[in-house]
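The structure appears below as structure tokens.
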Amino acid sequence: MGSQRQADFDVIAVGAGFAGLGLIHYVREAGLSIRVFDKASDIGGTWAWNRYPGAASDSECYYYCLTFSKELLQEWSWSVRYPSWDENLRYMHFVADRCDMWPHIKLNTQIVSADFQEDTGLWKISTAGGDAYTCRYFVSAMGMISEPVIPGFKGLGTFKGPCLHSSRWPAQGLDYAGKRVGIIGSGATTVQMLPVVAKTAANVTVFQRTANFIMPAVQKPMTPAWEKQIKADYDAIIDKCRNHVFGMAFDSPVGRNLADTPPDEVQQILEEHWPRGSFRFVFETFDDLLSNPESNRIVGEFVIRKMLENVKDPVVRDMLTPRGYPFFAKRPPLDHGFFETFNRDNVKLVDIGNREPLVEITETGIRTTKQHYEFDIIVLATGFQAYTGAQEALPIRGRNGLLLRDKWEDVSSSIMGVFVADFPNMFMITGPQAPFANLPTSIEQNIQYIVDCIKKMERDGYALCEPKQAAEVAWVAETADIHRQTLMAQGDKVHSWMMGANLEHRKPRVLIYYGGANVYYDKLRASADAGFPEVEFERLAG
Ligand code: NAP
């Protein structure tokens, strides 16, 4: 072992979702001690919080999981293609139980600050209960979509009934049967929630500011034959995820561009793939949909035509039509019956983008410029402060007391989404300027990289790893340069969280490395193989 400074734990991580659990495995394997804190009452991260009706993963189950144990992959059985929040939670309990992870996890513990101590080189992590722990390595495993956006609507707080963010759905459930429900927002959360809530609520009104491009999910049960095939093929599946631009087990690139394909063949290929469901539609049809504006326009028109096919009311169809931005400049939700739900008599869509902007929340409902809507329950499905929100919610202080949230005021800079200059011995799992990809794949790649760095320090007797300013400047520039060349750079026109353009308190920014998850994973590996040239390793003086 290297430096033996006294610390309560070698590693402290905040967040007991996929990242926290994966970290426990790899850190323990390296022979180091770890404590994972979470303010939630359960493990699960996203799935401990997002318990709204219909909440489910949009990645297919068999690669939306941790892959460090072949035995676990063989033992666990999924029931459907896209598992519900509670099935995901059961899976995570299975991992924690089978790998005896519980002794490393402390729930119901809110971390209120993380401070780098200049004199000892340790991090001090303080809890809301007044406890403080030290560690040599601090890891943010808080998730890249976890801190909610609560818009500053006039009158928020005056509503007499339950008014809650979608990700704060009570663990004991919320009885909406026979009630009048207002949902503000129409992103992936509402697309999942609406069809379920509308079944038993007296009525549901969706307040939409921007219409989305939405693709079919096509939920289906896991059959014994499909499960057998998956389990026989797991090495190849993991390999596919590791080498895919979106970290998913997709068969792409397909080796053809829409731009070079005759129009009738284009339509035939799109028609063929549409009913298969999932993000496969984007990645297994053509390779240029997210880079060539004309190809993007053509596929966007196809998506609009197909997704609205079953919406009967022409006014509602018009309101649900996305306009003025490229397909995927906002993350497209997957449809589980969203559109058909608008044919029900108890469901209404209100366009707060153009036709009747939202004015205020009142004691009994929501007022727009045209009328007042009465509700028993209001759901704020208003999204998240992606990539930076969780880290900024805490004071995290690095060298000279520098606050991470201050550092990120204008640019959410990092080195590969993992290191931040002026924050020695701090690591982020899926931090800003990492790719947007299948999260468990990215999480596990990040963890392996982080633990390799820690292992090097332990082996070679280093106390500190100091991310280099020059390496950060270079990564920020490379990420911005790639971002500029993509169609996703137009997300600022439509409040896309992928650019932080959904935040009232911040300017839009580059949050995602769009060079491809596979290329990014290669870069992590190359860095580890080269001995982490992005950081300076130091021994403590004295
Ligand atoms: P979102 O996509 O950011 O949608 C938020 C919605 O709230 C949008 O319709 C937005 O309108 C609206 N909104 C926000 N602030 C508003 C304001 N001040 N006034 C009026 N409307 C406002 O959030 P989300 O639906 O929670 O989804 C976020 C991401 O979480 C997804 O893209 C996905 O990556 C992840 N997620 C995943 C799953 C899954 O995998 N199963 C499920 C849910 C969420 P604008 O569009 O006009 O901004």
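Taking the beta-carbon count within 10 Å as an exposure proxy, list Lys199, Lys330 from fewest neighbours to most.
Ranking Lys199, Lys330 by Cβ neighbours within 10 Å, fewest first, gives Lys199, Lys330.
When 1/r is averaged over all different Cα pairs and the result inverted, which Kirkwood radius in Å belongs to region 411-454?
When all Cα pairs of region 411-454 are included, the Kirkwood radius is 10.6 Å.
Search the structure for amide H atoms under 5 Å from the amide H of Ala211, placed 1.01 Å from N in the peptide plane, and list their residues when 5 or more places away or on another chain.
Arg323
Count the net charge of all other residues whose Cβ sits under 11 Å from the Cβ of Asn203, scoring Lys and Arg as +1 and Asp and Glu as -1.
Charge balance in the 11 Å sphere: +1.
If R0 is 22 Å, what FRET efficiency do you get for Leu156 and Lys348 from their C-beta distance, rounded to 0.05?
Plugging the Cβ-Cβ distance into 1/(1 + (r/R0)^6) gives 0.55.
Just from the alpha-carbon atoms, what are the Rg and Dmax of region 195-334 in angstroms?
Considering region 195-334 through its Cα atoms, Rg and Dmax are 17.4, 51 Å.
Using Cα pairs under 8 angstrom and six or more residues apart, how large is the relative contact order of the chain, in percent?
20 percent
Whole-Hz ³J(HN,Hα) for each residue in region 404-412, computed from phi via Karplus 6.51 cos²θ - 1.76 cosθ + 1.60 with θ = phi - 60°, x for glycine and proline: what do you get?
Once rounded to whole Hz, the list reads 4, 5, 6, 4, 8, 3, 9, 10, 8.
Could you work out the relative contact order of region 257-373, using alpha carbon pairs under 8 angstrom and six or more residues apart, expressed as a whole percent?
16 percent
Using +1 at the C-beta of Lys and Arg and -1 at the C-beta of Asp and Glu, which of Gly161, Gly173, Val204 has the Cα lying farthest in the positive direction of the dipole of region 154-210?
Value: Gly161.
For region 114-161 and region 350-369, what is the separation of their C-alpha centers, rounded to whole Å?
33 Å
For labels at Asn257 and Val473 in the simple 7 Å Cα→Cβ model, what's the distance in nm?
3.5 nm
Beyond a 30 Å Cα-Cα separation, which of these cross-linked pairs lie in this structure: Lys124/Lys493; Lys306/Lys330; Lys456/Lys507; Lys154/Lys179?
Going by Cα-Cα distance, Lys124/Lys493; Lys456/Lys507 fall outside the 30 Å limit.
Looking only at GluC sites (Glu not before Pro) in DSSP loops with at most 15 other Cβ atoms within 10 Å, what is the longest site-free stretch of the chain?
The segment 119-308 is the longest one with no such site.
Search the structure for amide H atoms under 5 Å from the amide H of Cys163, placed 1.01 Å from N in the peptide plane, and list their residues when 5 or more places away or on another chain.
Amide H neighbours of Cys163: Ile378.
Given H placed 1.01 Å from N in the peptide plane, which residues other than close sequence neighbours of Val204 have an amide H under 5 Å from its amide H?
Amide H to amide H, under 5 Å and 5 or more residues apart or across chains, Val204 pairs with Val181, Val347, Lys348.
Out of all DSSP beta bridges in the chain, what portion is antiparallel? Express it as a percent rounded to 5.
40 percent
Express in nm, to one decimal, how much length is gained between Glu265 and Ala541 on full extension, taking 0.36 nm for each residue of separation and deducting their alpha carbon distance.
92.6 nm
By the scheme Lys and Arg +1, Asp and Glu -1, what is the net charge of all other residues having a beta-carbon under 14 Å from that of Val95?
Net of charged neighbours comes to -3.
Can you sort Lys523, Lys312 from fewest to most other Cβ atoms within 10 Å of each residue's own Cβ?
Lys312, Lys523
Every read-out reported here was derived from the displayed coordinates using simple, explicitly stated rules and does not represent laboratory data. As the structure is a prediction and not an experimental result, all values here were calculated from the model. Note: ideal-geometry Cβ built from the backbone for every residue, glycine included; neighbour counts use all protein chains shown.
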